[in-house]
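Q: Okay, here's the structure, questions in a sec.
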Amino acid sequence: MESLKKQIEARKKIEKAKGILMKVKKLDEDEAYTLMRKMSMDSTLPMEVIAERILTKYS
């Protein structure tokens, strides 16, 4: 059950970060997600960490 809660929280962070990228960089939803995925792959960091960094930078 704890794992499910963590997954839900991670998804919320990713969705918020995606929304920020859409607004700041004027991207559509797919482009924002693709950018986050590329950042994740390039840095070998999980999407949740990328989302946290975006939220920190733009909050």
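Q: Find the helices (runs of 4 or more DSSP H) located wholly in region 1-58 whose residues include 1 or more that are on the phi < 0 side of the Ramachandran plot, touching a residue at least 24 places away in the same chain (Cβ under 8 Å) and of a type outside the set (Asp, Glu), and list them.
A: Working: elements: 2-24, 29-43, 47-58.
In region 1-58, 2-24, 47-58 are the helices (runs of 4 or more DSSP H) which contain 1 or more residues that are on the phi < 0 side of the Ramachandran plot, touching a residue at least 24 places away in the same chain (Cβ under 8 Å) and of a type outside the set (Asp, Glu).
Q: Let me ask something additional. Which condition does residue 1 not pass, out of (1) hydrophobic (A, V, I, L, M, F, W, C); (2) modelled with pLDDT under 95; (3) within 10 Å of the chain's Cα centre (by Cα), if it passes all the others?
A: Unmet condition: (3).
The values are calculated or read from the model by the stated rules, or taken from the named source; none is laboratory data. Bear in mind that the values here come from a model prediction, so they are computed numbers and not experimental data. Note: ideal-geometry Cβ built from the backbone for every residue, glycine included; neighbour counts use all protein chains shown.
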